[in-house]
1. Only one of ALA74, ALA24, ALA47 is within 39 Å of the chain's Cα centre (by Cα), within 16 Å of ALA113 (Cα to Cα) and open to solvent by less than 20 Å² (accessible area, probe 1.4 Å). Can you tell me which?
2. Restricting attention to segment 105-125, does a residue exist that is aliphatic (A, V, I, L, M), open to solvent by 10 Å² or more (accessible area, probe 1.4 Å) and free of Cβ contacts under 8 Å to residues at least 40 places away in the same chain?
3. Quickly run through segment 112-138 and pick out the residues that are in contact with a Lys or Arg (Cβ under 9 Å, 6 or more places away or on another chain) and assigned to a loop (DSSP other than H, G, I, E, B).
4. Can you find a residue that is among the basic types (Lys, Arg) and within 21 Å of PHE49 (Cβ to Cβ) anywhere in segment 153-172?
5. Since ALA56 meets every condition but one in (1) exposed (fewer than 13 other Cβ atoms within 10 Å of the Cβ); (2) among the aliphatic types (A, V, I, L, M); (3) modelled with pLDDT of 95 or more, which condition does it not meet?
6. Which of the residues spanning segment 32-55 are without any contact (Cβ under 8 Å) to a residue 12 or more places away in the chain and either aliphatic (A, V, I, L, M) or part of a helix (DSSP H, G or I) (or both)?
7. So the check is Cβ under 6 Å with 6+ separation or different chains; which pairs have a first residue in segment 166-178 that's closer than 11 Å to GLU189 by Cβ and a second one that's part of a helix (DSSP H, G or I)?
8. Here are some residues: LYS29, LYS16. Which one is assigned to a helix (DSSP H, G or I), under 21 Å from THR73 (Cβ atoms) and either touching a strand residue (DSSP E or B) at 6+ places or on another chain (Cβ under 6 Å) or open to solvent by 30 Å² or more (accessible area, probe 1.4 Å) (or both)?
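The values are calculated or read from the model by the stated rules, or taken from the named source; none is laboratory data. Because the structure is predicted, anything quoted here is derived from the model rather than measured. Neighbour counts run over all protein chains shown; Cβ positions are idealised from the backbone, glycine included. For the accessible areas, the whole protein counts, side chains as well, though only heavy atoms, and no ligand, DNA or RNA atoms are used. Shrake-Rupley method; radii C 1.70, N 1.55, O 1.52, S 1.80 Å.
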Amino acid sequence: MSLLNQLFNRGVFGAKCKTCLTLAISRIKLLQNKRELQLKQMRKEIAQFLQAGQEAIARIRVEHVIREQNICTAYSVLELFCEFVLARVPILENQKDCPTELREAIASIIFAAPRCSDLPDLLQIKNLFTSKYGKEYVAAIAELRPDTSVNRTIIEKLSVSAPSPEARLSVLKEIAEEYNVVWDSFQTEAALNKKHEDLLGGSKEIYSVASTPQASIKPSSPRSSTSNGAHPILPSESRLGSQHLQIPSPTSIMPILSTNEIEQSAKSSNAVLVSDTKMGTTSQSSDVLERARAAIASAERASAAARAAAQLVNAEFGLLKLEGKSS
């Protein structure tokens, strides 16, 4: 009985395998014709986008064109493999193990079966090979283990990874030449070769902007150290102190900065000093912190002196107006 069952199973496997392979070959031919027509239409639309100057849309659509081209190439290879296996079905029936000359074709069909949803016949062929050679053999092919003999073209064309910028640019140039479109590819090359910033680690522009005022302020703000240990006086402090000591006369009153502008300048100097303390090294952190605190205190005193000077000037303006009215 075992011999009869073995002979019966061989006949069933061969008949089912031939039927599935024949249906797969015919379905692949139909899908190839359909996809080629769609591909021509898509390439024509991309040429129209390039001619209209809509390069951003063309760069997106070209990825779909490349994917369709890859699928068509994979279908062509699969069609050849199916025809190759169909012609050698009797050899598969008579041998228990997979023949050496058919390993690449069978492995490629098994690998492509779950990745080609338009070809359900390949899944049936995969199930037949699973029942004949075992689940371990099929699992090794699906995981691309060593010595599985899957065709390299099938692996590359059925990959889900995005096409490279060079491939997209090449297809765009090819479409422009095919439809005689006068197109300058400089803008597209710059957009495709642009390296996008990794925002997970923070924006790099903040640190570059924060470092530029530090480099521009340090040479223009010399600090003089006194012998009695007093804190250095900044140029802004000396200028504000002179405004506090010398009250302008009524005949020589010039436009003076408002208190809001003085406070803004004081705050900006405080921010620069605080940024200096943050960017300093660990060895000089204590000195920089002390200087920053002293500068903040002196800036507050300077802003208070500026407010007082502004109030005095406003009072003198009021007195001058009253004298003018009385006269």
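1. Of ALA74, ALA24, ALA47, the one residue that is within 39 Å of the chain's Cα centre (by Cα), within 16 Å of ALA113 (Cα to Cα) and open to solvent by less than 20 Å² (accessible area, probe 1.4 Å) is ALA74.
2. Yes.
3. Scanning segment 112-138 gives ASP118, LEU119.
4. yes
5. (3)
6. Across segment 32-55, the qualifying residues are ASN33, LYS34, LEU37, LYS40, GLN41, GLN48, ALA52.
7. ARG168/VAL62; LEU169/LEU192; LEU172/VAL62
8. One residue alone meets the criteria, LYS29.
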